[in-house]
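The values are calculated or read from the model by the stated rules, or taken from the named source; none is laboratory data. No experiment lies behind these values; they were computed from the predicted model shown. FYI the Cβ positions are ideal-geometry reconstructions off the backbone, even for glycines, and counts take in every protein chain you see. Keep in mind that these areas ignore ligands, DNA and RNA; they rest on the heavy atoms of the full protein, side chains included. Shrake-Rupley method; radii C 1.70, N 1.55, O 1.52, S 1.80 Å.
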Amino acid sequence: MAENLQDAIADIVKSLTIPTRIEKHHVLISNRDGVCLYSNKANELNISMSALLGGVWQASQALIELNQFKSHNEVKLGFDDGENGFCMVRIDIAKRPCYACIVFEKEMAPGAIRTQLKLWCDKIADELKLWQPPAHRNGYLFKDVTDEEIDRLFGFGSKECLS
Amino acid sequence: MSFVNYQRKEINCKIVYYGPGLGGKTTNIQHVYKKTSGTSRGQMITLNTENERTLFFDFLPLELGEIRGFKTRFHLYTVPGQVFYESSRKLILRGVDGVVFVADSQVEKMEANQESLKGLEQNLIFQGHDLEKIPLVMQWNKRDLPNVTAVEDLERTLNPRNVPSFEASAVQGDGVFETLKMVSKLVLMNLKGGLS
């Protein structure tokens, strides 16, 4: 069983066919903290996009809550010019709030792909509804991190490496 | 909140630069961005106003390499410092693993520093953090300016817990990496989840 959501989602996606209509676009799933859980395209922008997804959704939610807006419908968030842009939906995977986003280009029916995205993500959520992370590991991951280890990690930041 | 993938051996941690407006938070991560090689950092995101003050947040992902077999990724965020962006600061602090408080050393900014620090503490408590345990580093920025408060006074007023602190001039790059290295070390040592 996968130990974390990234691997759990990756395992499920292997068995679920991503609809062709959305597969041609860039699909991303991130958790609430902006960590990328899944992307259908290996893209150096995935990390930054995931961070933005979390911020954009939570800021929008905060804005609505200020107005005490109550809705019984599922909320969607979008930014497009009719055929280029992105849309995102919130999905709960293993009881954890996550955000699924599709960035599209030259798409004639953004509403349709948003619906397909939601349906596909609902299948993932359904497969993972009983998933739980492994029992809590005790203690600290690292003991006594040394200054030398940190210096090696930041080797690019040492005086010798400065441009 | 840190995200550890034991199978892929990856760690993702969130560090937030906090402090009063125009104190040097964005300058800090801009310096980090400028000095890191392309393979060690991702795309920097800046969401700012017309006069380039942070509107929502700045974001810089750093992929630093490995520590004890774990690929380590730090997500650096800054918050907007102006007083009326309190809602945004609360959002950006969610899931934080470590904080750098960037204080403006100028004499006339002491009150702003204190207000901002108080806001940080309140926001951290509201989110369930233990102020004694969360990795926190103080940075006394703008030491290059002529009219600055003595470091001893900054320490006494703003650092009663004696967390690690560094003098800095972010605009010149001094103290930026020292601060970041220390908060990174504290964050890594605070990560839960010992290897079985």
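Of the residues A:Lys118, A:Lys106, A:Lys123, the single one that is on the phi > 0 side of the Ramachandran plot and at pLDDT 85 or above is A:Lys106. In summary, strands (runs of 3 or more DSSP E) completely within region B:68-166 and bearing 1 or more residues that are surrounded by fewer than 16 Cβ atoms within 10 Å (Cβ to Cβ) and either out of contact with any helix residue (DSSP H, G or I) (no Cβ under 7 Å at 6 or more places or on another chain) or more than 14 Å from chain A (Cβ to nearest Cβ) (or both) occur at B:70-78.
If you go through region A:1-37 and keep only what is away from chain B (no Cβ under 11 Å), open to solvent by less than 30 Å² (accessible area, probe 1.4 Å) and either part of a helix (DSSP H, G or I) or within 17 Å of B:Ile11 (Cα to Cα) (or both), you end up with A:Ile9, A:Ile12, A:Val13, A:Ile22. Each residue in region A:80-98 was checked for being free of Cβ contacts under 8 Å to residues at least 24 places away in the same chain and more than 20 Å from A:Tyr38 (Cβ to Cβ), and 2 pass.
Taken together, the residues in region B:29-41 that are surrounded by fewer than 21 Cβ atoms within 10 Å (Cβ to Cβ), over 15 Å from the mean Cα position of the chain (by Cα), touching a residue at least 12 places away in the same chain (Cβ under 8 Å) and closer than 16 Å to A:Ser48 by Cα amount to 2.
For region A:115-144, the candidate set comprises residues that are open to solvent by less than 70 Å² (accessible area, probe 1.4 Å) and among the basic types (Lys, Arg); within that set, the residue that is nearest to the other protein chains (Cβ to nearest Cβ) is A:Arg137. B:Thr27 meets each of the listed conditions (1) within 11 Å of chain A (Cβ to nearest Cβ); (2) assigned to a helix (DSSP H, G or I) apart from (1).
The one condition from (1) farther than 27 Å from A:Asn4 by Cα; (2) over 15 Å from the mean Cα position of the chain (by Cα); (3) without any contact (Cβ under 8 Å) to a residue 40 or more places away in the chain; (4) crowded, with 21+ Cβ neighbours inside 10 Å that B:Phe3 does not meet is (1).
Open to solvent by less than 60 Å² (accessible area, probe 1.4 Å), modelled with pLDDT of 95 or more and more than 8 Å from chain A (Cβ to nearest Cβ): is that true of B:Val176 in this structure? Give the derivation first.
Numbers: open to solvent by less than 60 Å² (accessible area, probe 1.4 Å): yes; modelled with pLDDT of 95 or more: yes; more than 8 Å from chain A (Cβ to nearest Cβ): yes.
Yes; evaluated as a whole, the condition is true for this residue.
Only a single item in (1) more than 20 Å from A:Ile113 (Cβ to Cβ); (2) away from every other protein chain (no Cβ under 11 Å); (3) touching a Gly at 6+ places or on another chain (Cβ under 8 Å) is not met by A:Phe86, and it is number (1). Please go through region B:1-15 and give me each residue that is facing another protein chain (nearest Cβ under 7 Å) and assigned to a strand (DSSP E or B), ordered by number. Listed by number, the residues that qualify are B:Phe3, B:Val4, B:Asn5, B:Asn12, B:Lys14.
Looking at B:Leu62, is it closer than 28 Å to B:Lys192 by Cα, open to solvent by less than 40 Å² (accessible area, probe 1.4 Å) and part of a strand (DSSP E or B)? Explain how you work it out, then say what you get.
Working: closer than 28 Å to B:Lys192 by Cα: yes; open to solvent by less than 40 Å² (accessible area, probe 1.4 Å): yes; part of a strand (DSSP E or B): yes.
Spelling it out, B:Leu62 is indeed closer than 28 Å to B:Lys192 by Cα, open to solvent by less than 40 Å² (accessible area, probe 1.4 Å) and part of a strand (DSSP E or B).
Inside region B:6-23, residues that are over 16 Å from B:Leu64 (Cβ atoms) and open to solvent by less than 10 Å² (accessible area, probe 1.4 Å) make up a count of 6.
The residue that is nearest to B:Val187 (Cα to Cα), counting only those in region B:39-59 that are within 7 Å of another protein chain (Cβ to nearest Cβ) and not in a strand (DSSP E or B), is B:Ser40.
When A:Ala112 is tested against the conditions (1) over 22 Å from A:Gly34 (Cα atoms); (2) open to solvent by 80 Å² or more (accessible area, probe 1.4 Å); (3) at pLDDT 85 or above, the lone failure is (2).
How many residues does region A:38-76 contain that are aliphatic (A, V, I, L, M) and either surrounded by 14 or more Cβ atoms within 10 Å (Cβ to Cβ) or touching a Lys or Arg at 6+ places or on another chain (Cβ under 7 Å) (or both)? Here the count works out to 9.
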